[in-house]
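Student: One structure, as structure tokens, below. Some questions next.
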Amino acid sequence: MMLPEISRSMLKNAAVLGLFAVVTVGAVTLLQQGTAERIQAAERAAQVRALGEILPTGSYDNHLLDNSVLIQDRLLGNKSPLPAYIAIKDGRPSAVILQAIAPDGYSGAIHLLVGIHADGRVAGVRVIGHRETPGLGDKIDLAKSPWIRSFEGKSLSNPENAGWAVKKDRGEFDQFAGATITPRAVVGAVHRALHYFDAHKAELLAVDGGPGAAAIDTLEGRSEPAAATVHSRAGSAATRDELHTTEPEAEPQGDQP
Ligand SMILES: Cc1cc2nc3c(=O)[nH]c(=O)nc-3n(C[C@H](O)[C@H](O)[C@H](O)COP(=O)(O)O)c2cc1C
């Protein structure tokens, strides 16, 4: 008589445990999904904010996140395609916002948005992900210092090549007190992004970003227009894998922002 009672009790315990496990797994899954969606929404909002900061209101009349092309190129520092955003005003491309990665920050890759007017002048640059040291390298973040705005209006000819360096390297851009590596990396990445734009502006500015628009995937290690391959459209928004924000929960990992 004891044995069946014990078995019943064991079965009951097993059932309770099983139910607990199912409920817990379900709750964790739901929580994960909710969190992932919230992170995506926060990142999208951060991107919209950064894109809006780079290009003045009125300089375009399209939805930037809905007008993107995928680009992969050595000059942009990415090893997998990342979206670039095409600004359109009155039906004509007015600017491009490229994503660039500086691989040589003090603490690893620094992820940037580089806005370039159709005429080749820098509209603005924003850091969207980095792990530089607070109080030293993090002055590349506009929230910490206005340094990142020193690129505005610059172009490949202003300054000439030699000027695209920090002052310590006889260039035009300030370094920070006790931190030269970070600004040096950012100056280099912005300069390379300008070279990319210069080599590809015809393709970039020909893409209207509308439905069916092409994505430009320049093969890694090559940046000649002839190397560009046309792929299907990037879609309306960058995914979590494609972009980091400066929000603390999103950490840059190598070249995969
Ligand atoms: C703990 C620690 C953190 C540092 N973080 C940074 C940083 O984020 N960015 C940076 O440029 N330099 C940073 N530095 C300073 C660099 O090591 C280097 O001394 C500085 O960038 C000057 O570089 P230079 O000798 O090439 O001019 C850090 C140094 C220490 C000890």
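The values are calculated or read from the model by the stated rules, or taken from the named source; none is laboratory data. Note that the coordinates shown come from a computational prediction; the quantities given were computed from them, not determined experimentally. Cβ: placed from backbone, ideal geometry, glycine included. Neighbour counts: every protein chain shown.
Student: Scanning the range 25-66 for residues that are at pLDDT below 90 and polar (S, T, N, Q), which turns out surrounded by the most Cβ atoms within 10 Å (Cβ to Cβ)?
Tutor: Only one residue tops the list, namely GLN47.
Student: If the Cβ limit is 9 Å and pairs must be 6+ apart or interchain, which residue in the range 147-166 that is closer than 21 Å to PRO56 by Cα and part of a loop (DSSP other than H, G, I, E, B) pairs with which residue that is modelled with pLDDT of 95 or more and among the basic types (Lys, Arg)?
Tutor: GLU152/ARG121; GLY153/ARG121; LYS154/ARG121
Student: With (1) hydroxyl-bearing (Ser, Thr, Tyr); (2) without any contact (Cβ under 8 Å) to a residue 40 or more places away in the chain; (3) in a loop (DSSP other than H, G, I, E, B) as the list, and SER80 as the residue in question, which single condition is left unmet?
Tutor: Single failed check for SER80: (2).
Student: Can you find even one residue in the range 122-137 that is without any contact (Cβ under 8 Å) to a residue 40 or more places away in the chain and within 24 Å of ARG74 (Cβ to Cβ)?
Tutor: No, the range 122-137 contains no residue that is without any contact (Cβ under 8 Å) to a residue 40 or more places away in the chain and within 24 Å of ARG74 (Cβ to Cβ).
Student: Given the conditions (1) at pLDDT below 95; (2) of a type in the set (S, T, N, Q); (3) surrounded by fewer than 21 Cβ atoms within 10 Å (Cβ to Cβ), report the number of the one that SER157 does not fulfil.
Tutor: Condition (1) is where SER157 drops out.
Student: Got a number for residues in the range 176-187 being within 7 Å of the ligand (Cβ to nearest atom) and part of a loop (DSSP other than H, G, I, E, B)?
Tutor: Number satisfying all stated conditions: 2.
Student: Could you please find all residues in the range 25-62 being part of a helix (DSSP H, G or I) and within 19 Å of VAL122 (Cα to Cα)?
Tutor: Selection gives GLN47, VAL48, ARG49, ALA50, LEU51, GLY52, GLU53, ILE54.
Student: Is it the case that ALA84 is in contact with a strand residue (DSSP E or B) (Cβ under 9 Å, 6 or more places away or on another chain) and hydrophobic (A, V, I, L, M, F, W, C)?
Tutor: Considered against the rule, which asks whether it is in contact with a strand residue (DSSP E or B) (Cβ under 9 Å, 6 or more places away or on another chain) and hydrophobic (A, V, I, L, M, F, W, C), ALA84 comes out as yes.
Student: I'm checking my understanding of the structure. Among residues of the range 121-141 that are out of contact with any Lys or Arg (no Cβ under 8 Å at 6 or more places or on another chain) and among the charged types (D, E, K, R), which one is nearest to the ligand (Cβ to nearest atom)?
Tutor: So the residue we want is GLU132.
Student: Next question. Of the residues ALA165, ALA102, which is closer than 24 Å to GLU203 by Cα and either within 16 Å of the ligand (Cβ to nearest atom) or modelled with pLDDT under 95 (or both)?
Tutor: Among ALA165, ALA102, only ALA102 is closer than 24 Å to GLU203 by Cα and either within 16 Å of the ligand (Cβ to nearest atom) or modelled with pLDDT under 95 (or both).
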